[in-house]
Every structure is written in C-alpha cells, then in structure tokens.
Amino acid sequence: MTFALSHAAPGQDLTLDDRLVIQDLLSPSDDCRGDDGADVIAGLTRQPKALPPKYFYDHLGSHLFEQITTLPEYYLTRTETAILQAHSGDIADRVGPCDLMEVGSGSSTKTRYLLTALAQAGYPLSYQPVDVSGAMLKTTADQLLVEYPRLRIQGLVATYEAALAYPRPASGYPRLIAFIGSTLGNLDPEQCHALLDRITSAMEPGDYFLLGVDLVKDIDVLERAYNDSQGVTAAFNLNMLQHLNWRFGGNFDLGRFRHRAEFNPWASQIEIYLDSLESQRVHLEQLDLGVTFSRGEPLLSEISRKFDLASLTASLTAVGLPVQQVFMDDQDWFALLLCRRVAAP
C-alpha cells in the first residue's frame, strides 16, 4: 500500500489519526521474540563461534545500551549528535523539502535535529521511521507528534530489507534516507555492500542518503570506547547469554565468561568477544542443543568497523551514491556523508 501525503492547508489542524500510520511488516522469523533459534544453532556450531547482535536487545540489554551512549569513553553518540546539531540546517538547505526515512530509528533522538531544521525551513514534515521494535516505534512516534504539530509519520515495524522494499511516499518530494548511529559498522564488508545495494535500489535519481560512520583513529581511543571503566559494556555483552538462557532455556553461567573488546587493525574493526574462562558444556533446552567450549575459546558477539573516508567515498560512488558533502567533528573522529542518487552505474 502506498502512503499518500496530503498536507493540510495553512491553519488547518490535523488529528492524531491523520498524522500517524504504523505498518507491521515483520514475519515471525524476523523477530527474535518469535524465531526458532536457527541463527543461534548456526552460530554456536560454527568455528569460530559467533552470535547475531540482535540478541543483545532484551529489555535489560536495551537499557544497558542507553547507558553506554552516555559513558565518557563512548564518544560515538555525542560526537555524531554534535555534528547533527551543528549541520542539520546545512543538510536541510541542501536537500530541500523531502520525505525523511530513517533505517533503524530507535528513539529518534538525533533525528530531531533534522526534523527541527526542516521545520524551521518551512518544509512539510514527513517521517518514516523503521525499527524492529513496535513498542519503541509507537512510543517515539507519540512523542514526536506532540513536539512537531505538523509532522506526519508512517512507522514501519520491519527489517531493513522489508522497509526498503516497501512503496515510497507519494508526495512527489525527493526521499532522504538516513542511516545514522554508525550502524553500518556492525556489518561485514559483504553485508555492507548488500545493504548499500538495497538502499540504492530503493532510491530514485535525485534522492538523498545520509550516512553516519565512525572513522579510523588512535587505537587507545577506540578500545576504551568498548572497555569502559564502569563495566557497563561488559554487562551489556554478558547479558546476551542471559537473554539466550531466558529465550531458549539455556544454562549459560555468566561467571564463566568474560567480556573482551579489541581492535583488529587488519580488518579495521573492533571485535567484541565473550571468552570462556574454562572448559564447559552449555545446553539450550528449547533448541535441543549442547555446546562445548574449551578454556579460552572466544564467542564473537559483534564487530564495529572503522572507516577510511576516501575508501568509503569510493564505495558509495561505485553503487551510484556519490558523496555531495561531508560533515565532521573538530577531531575528525566521526563523519556524516550526504550522498545523492544518480542513474545506475
């Protein structure tokens, strides 16, 4: 179904029902609340062992991640926020009236700078947040509708793939797809290329793409960001095992694993592990799965790639998304890249 925008005339009030539509596009296998654990079985029976980062995010995991974003060592969130605060007006001026889509919207905290800039420019406000958490999407949408009285929202409870394949708004404006929060860094090179291809396919010539990425920098700065002094990141990482215990009837003993995060310079990425402190066997009852860990064996829980600006710019150009403008902080730690879709290469 196409979401058609019909903007109210000046002075005409819009009701809440007029301004909010939420579409649930998730199938049971898309959501870890309803899946069969096939990805857990695959990850724990492969060598080396690895798990999908989606299992970080139960209720406690989401709370711990919010804490992480406020830690002094974790520069990523506050640095990107500062860039958006300083340059959202420039982005709005460059893009003009648009339909804003955000892939992985979460609480839309940083997106508010873009919405405010677009509102101050006098443009109609159309926002299409995409998140796998329907509860988060609804809560955030309700808040935004109060903060921006002329805002219209079509929320998509969906994976990236489903959302990007969904019909675009029929307003006639260019689309601005925002993928901020350095989330691209959680994908390996093959996954990254596949996602950029999907994004390009969802765009028409003249549409814009806003990408937030963390850049290569001093290794000590990088490693401290994922090994904070308060141990919040360690608790977040270990909670993945507790989530598996609850979800699949597991008996992981969190005291028998430790958090480790280190920079791999050859892959240019932070790698986050759960290391087994001893030889042990773990059982996941609902998956009928027994897993043996040797002493010191690592379980990869996440990667966070750090990008070289020149190489990333070349990759974006190669998929038909040449960079129009780059916005950075004073230390050149983080970058927002504004790209514009051209004809297929």
| note | To the nearest 0.05, the calculated FRET efficiency linking ASP90 and SER27 through their beta-carbon distance, R0 being 45 Å, is 0.70
| field | Packing-based order for 228-241, 99-112, using average beta carbon neighbours within 10 Å, highest first | value | 99-112, 228-241
| task | Find how much the distance from ARG78 to ALA343 grows on full extension, using 0.36 nm per residue of separation minus their present alpha carbon separation; answer in nm with one decimal. | result | 91.9 nm
| query | At 222 nm, what helix-only mean residue ellipticity would the chain give, in deg cm²/dmol to the nearest 500, using -39500 (n - 2.57) for each DSSP H run of four or more? | reply | -10500 deg cm²/dmol
| message | Given a 1.4 angstrom probe, I'd like the percentage of the accessible area of the chain that is carbon and sulfur, rounded to a whole number. | response | 52 percent
| task | Among DSSP beta bridges lying fully in the chain, give the percent that are antiparallel, nearest 5. | result | 55 percent
| task | Beta carbons within 10 angstrom, averaged per residue: use that to sort the peptides 42-50, 317-325, 164-172, highest first. | result | 317-325, 164-172, 42-50
| said: Once R0 is set to 51 Å, what does the formula 1/(1 + (r/R0)^6) return for the Cβ-Cβ distance between LEU60 and MET328, expressed as a FRET efficiency to the nearest 0.05? | reply: 0.90
| field | Distance between modelled label sites at VAL146 and ALA314, nm, 7 Å Cα→Cβ extension | value | 5.0 nm
| Gained length - LEU254 relative to ARG46, 0.36 nm times residue gap less alpha-carbon distance | 72.8 nm
| note | Here the gain from full extension of ASP36 to LYS138, 0.36 nm per residue of separation minus their alpha-carbon distance, amounts to 34.1 nm
| task | Please give every one of the aspartates and glutamates within straight-line cross-link reach of LYS138, meaning a C-alpha to C-alpha distance under 16 Å, and leave out same-chain neighbours fewer than 8 residues apart. | result | ASP17, ASP18, ASP24, GLU102, GLU147
| message | Check which residues have an amide H placed less than 5 Å from LEU299's amide H, if you skip close sequence neighbours. | response | LEU274, ASP275, SER276
| request: Please give the residues of the range 261-303, grouped as numeric ranges, whose backbone N is less than 16 Å from a label point set 7 Å along the Cα-to-Cβ vector of ILE219. | output: 261-272
| field | Whole-number accessible area per residue in Å² for the range 218-263, which is evaluated in the context of all protein chains at 1.4 Å | value | 45 Å²
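The values are calculated or read from the model by the stated rules, or taken from the named source; none is laboratory data. Small disclaimer: the values here were computed from a predicted structure and weren't measured. Every residue, glycine as well, gets a Cβ built from its backbone with ideal geometry; the counts of neighbours run over all protein chains shown. Each accessible area value is taken on the protein alone, full model and side chains, heavy atoms only, with ligands, DNA and RNA left out. Shrake-Rupley method; radii C 1.70, N 1.55, O 1.52, S 1.80 Å.
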